[in-house]
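S.K.: Before I ask anything, here is the structure I am working with.
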């Protein structure tokens, strides 16, 4: 699913949550109509904001990097060390001798 479609679904979902909260506030709360609508709109705005914040983090998250499979780094020899992208020093534990 493309990113644009995800944002569109998030917008429609947040509007639906807001409208549902306004409607439920009008139907269920025992106060006068303006207070019922206002309370429902306030609750709807909070829930829609939480939905948008969560959806934004899901939509904008980057996928995890692929793990090295069978075509990854290979080593051979008794004291070989396989690293992906190392420009530093590797100490293999032989009496503190550092090999570069």
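The values are calculated or read from the model by the stated rules, or taken from the named source; none is laboratory data. Note that the coordinates shown come from a computational prediction; the quantities given were computed from them, not determined experimentally. Neighbour counts run over all protein chains shown; Cβ positions are idealised from the backbone, glycine included.
S.K.: Pick from region 46-71 the residues that are part of a helix (DSSP H, G or I) and over 14 Å from residue 13 (Cβ atoms): which of them is modelled with the highest pLDDT?
M.R.: The qualifying residue modelled with the highest pLDDT is 46.
S.K.: If a residue must be crowded, with 16+ Cβ neighbours inside 10 Å and either at pLDDT below 95 or under 30 Å from residue 61 (Cα atoms) (or both), how many such residues does region 1-40 contain?
M.R.: So the count comes out to 5.
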